[in-house]
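Student: If you scroll down you'll find the structure; I have some questions about it.
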Amino acid sequence: MKRFELTFSFLQLPLDYLMLVLAGFSAYGLRFTKLVTTIRPILFNLSWNKFWPLVLVVAAGWLGIFALTGLYSANPNKKLANELGRVFLAISTGFAAITIYVFFTLQKFDSRFLVLAGAILAIIYVSLARTALRLIKILCYRLGIGLRRTVIIGTQSVADQIKQSLENHPQLGYRVVGLLKNFDLVELLKLQKTGLDEIIFADPKSKEDEALQTIDFANEHHITFKYSADLFATISSNMAISTIAGIPIIELRRTRLHGWGKISKRIGDIVGSLFFIIIFSPLFLLSAIIILFETGRPIIYKNERVGQEGKKFFTYKFRSMYQKYCTGDQFGKAGEDAIGLEQELIKEKSIKQGPVYKIKDDPRITPFGRFIRRFSLDELPQFFNVLIGNMSLVGPRPHQPREVNKYEKWHKTVLTIKPGITGLAQISGRSNLSFDEEARLDIFYIEHWSFFIDFVILIKTPFIVIKKTGSIV
């Protein structure tokens, strides 16, 4: 098994290099095609003899970036989607590095087309090559080649569940050769003689001595040892290990959004919010004019919400209700009077259970308000919330203080990070989900955050809005 895994790991590097070089050569050939030269005539004199050695050097540099982004990490179970996301990130980083180098060194580069086309083709070629390699690997697994011979030790229910999952997903590359309730040295030695690659310890509540015996056996016979999530691992899937007085200490982190992850997400929010504000500026202006003519001022409704770590802030929305029905300090005494009517409507027409309410066929909404709510256009001003810094483009949706006060303890995990304009729950059913289902999706996002997940959520959001999935208006 180990030789099988090492063979595929070894093949990745030369295959990536070949694809990067091929992308460079393809970009050069594409530049001289009739279609491209018609659009943009050739004005440079970069000969092939000068170009191909340059491609070999740049491709080698790109491999270094691949390594830094973890594309050659030894993890046989890494997901293809995450792998391709890292490919996109690595190649985009290399493209940016080349662009910055040309800019700051004031190089008179012969053709920007070659760099851009090379990067795009590199993403395509490397992704296709890695996908093909993954498919070959899965085919081998299905043919019984290279399977990791595994024994599972643990309580019947947990062990059976893991065994069933491994057998139902042959693409994971496991063959379960033993199922033991407890550590059994005699049985393990028998299995080891016929070949044993991994031990999965699936009894987190076992005695410490039994767990240590299993680890010692695995170390002695050079067998991979894995264990199912214990109490602390279920609290957080993100851990950092350090030492205090020579003693290993494990820090349970609630999210991956710390350090540079947090900084880079904030930079992305600033750039993204500015981009969307500019793009949607005609809609901002048109909506403001219609609201002003329909029901007057104020155009923007400020609604108090609870954000990261329980801090309160105001979300900005286009006002979609008649002024006399709007709640909040913004409307003074009228806002206080409107709360009573809202409570009655919640009791009569709310379609959600739990701390959060959703009123169906709300009579307080204006005609134009009904339209902008249907397509979530009332939330466009929240891009300014993102720019200010009390919201993010992607994250759990923020709720009102009176709703948060009714949270159960585990619900409050959603307050770990900044709330977002859209999120995993919004692309997974919107108002059709129960609050508990929303919270579980948001917690999953918090614990497994990545730029790739943010990208997928942002891409899917407009399609969900257009289809009006989960809309209650």
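Student: Mind checking which helices (runs of 4 or more DSSP H) fall wholly inside region 192-285 and carry at least 2 residues that are closer than 24 Å to Leu166 by Cα and at pLDDT 65 or above? Let's see the steps before the verdict.
Tutor: Numbers: elements: 208-220, 231-235, 260-279.
In region 192-285, 208-220 are the helices (runs of 4 or more DSSP H) which contain 2 or more residues that are closer than 24 Å to Leu166 by Cα and at pLDDT 65 or above.
Student: Which pairs turn up if I take residues in region 253-275 that are outside the structural domain of Gln308 (by TED's automatic domain parsing) and look for partners that are in a loop (DSSP other than H, G, I, E, B) and at pLDDT below 75 with beta carbon separation below 8 Å, at least 6 apart in sequence or on another chain?
Tutor: Arg253/Ser236; Arg254/Ser236
Student: Quick check: anything in region 290-301 surrounded by 19 or more Cβ atoms within 10 Å (Cβ to Cβ) and among the charged types (D, E, K, R)?
Tutor: No, every residue in region 290-301 fails to be surrounded by 19 or more Cβ atoms within 10 Å (Cβ to Cβ) and among the charged types (D, E, K, R).
Student: Quickly run through region 339-381 and pick out the residues that are acidic (Asp, Glu) and farther than 24 Å from Asp329 by Cβ. Talk me through it step by step, then tell me what you get.
Tutor: Of all residues in region 339-381, those acidic (Asp, Glu) come to 342, 344, 348, 361-362, 378-379.
Matches in region 339-381: Glu348, Asp361.
Per-residue answers, yes or no, for (1) over 26 Å from Ile388 (Cα atoms); (2) loosely packed, with under 15 Cβ neighbours inside 10 Å; (3) among the hydrophobic types (A, V, I, L, M, F, W, C); (4) out of contact with any Lys or Arg (no Cβ under 6 Å at 6 or more places or on another chain):
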position: Ser281; (1), (2), (3), (4): no, yes, no, yes
position: Ser287; (1), (2), (3), (4): no, no, no, yes
position: Glu309; (1), (2), (3), (4): no, yes, no, yes
position: Phe314; (1), (2), (3), (4): no, no, yes, no
position: Tyr325; (1), (2), (3), (4): yes, no, no, no
position: Gln330; (1), (2), (3), (4): no, no, no, no
position: Leu341; (1), (2), (3), (4): yes, yes, yes, yes
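Student: Restricting to region 407-424, give me the number of residues that are polar (S, T, N, Q) and without any contact (Cβ under 8 Å) to a residue 60 or more places away in the chain.
Tutor: First pass over region 407-424, keeping only residues polar (S, T, N, Q): 413, 416, 422.
Filter once more, so that each one left must be without any contact (Cβ under 8 Å) to a residue 60 or more places away in the chain: 422.
Result for region 407-424: 1.
Student: If Gln107 meets every condition in (1) at pLDDT 85 or above; (2) over 30 Å from Arg3 (Cα atoms) apart from one, which number is that one?
Tutor: That leaves (1) as the condition not met.
Student: For region 374-384, does any single residue satisfy the condition of being among the small types (Gly, Ala, Ser), within 16 Å of Glu304 (Cα to Cα) and not in a helix (DSSP H, G or I)? First the steps, then the outcome.
Tutor: Going residue by residue through region 374-384, those that are among the small types (Gly, Ala, Ser) are 376.
Those left that are additionally within 16 Å of Glu304 (Cα to Cα): none.
Checked region 374-384: no residue is among the small types (Gly, Ala, Ser), within 16 Å of Glu304 (Cα to Cα) and not in a helix (DSSP H, G or I).
Student: In the set Ile152, Ile124, Ile145, which member is within 17 Å of Asp216 (Cα to Cα), at pLDDT 85 or above and either crowded, with 16+ Cβ neighbours inside 10 Å or within 33 Å of the chain's Cα centre (by Cα) (or both)? Full working, then the answer.
Tutor: Numbers: Ile124 fails: within 17 Å of Asp216 (Cα to Cα); Ile145 fails: within 17 Å of Asp216 (Cα to Cα).
Going through Ile152, Ile124, Ile145 in turn, the sole match is Ile152.
Student: Another one. For region 152-191, how many residues are part of a strand (DSSP E or B) and among the small types (Gly, Ala, Ser)? Full working, then the answer.
Tutor: Filtering region 152-191 for residues part of a strand (DSSP E or B) gives 152-154, 174-180.
The next check asks that each one be among the small types (Gly, Ala, Ser); those that pass are 154, 178.
The total comes to 2.
Student: A further question on this structure: Just give me the residues in region 342-366 being modelled with pLDDT of 75 or more and within 21 Å of Arg305 (Cβ to Cβ), in sequence order.
Tutor: Across region 342-366, the qualifying residues are Glu342, Gln343, Leu345, Ile346, Pro355, Val356, Tyr357, Lys358, Ile359, Asp362, Arg364, Ile365.
Student: Mind listing just one residue for me: the one in region 304-324 that is in contact with a Pro (Cβ under 9 Å, 6 or more places away or on another chain) and among the polar types (S, T, N, Q) and, of those, modelled with the lowest pLDDT?
Tutor: That would be Gln323.
Student: Further, regarding this structure: So Ser92 passes all but one of these: (1) among the small types (Gly, Ala, Ser); (2) closer than 26 Å to Thr33 by Cα; (3) at pLDDT below 85. Which condition number does it fail?
Tutor: So Ser92 meets the others, but not (3).
The values are calculated or read from the model by the stated rules, or taken from the named source; none is laboratory data. Quick caveat, the model's predicted, so the values are computed rather than measured. Using ideal geometry, Cβ is built from the backbone for each residue, glycine included, and neighbour counts are taken over all protein chains shown.
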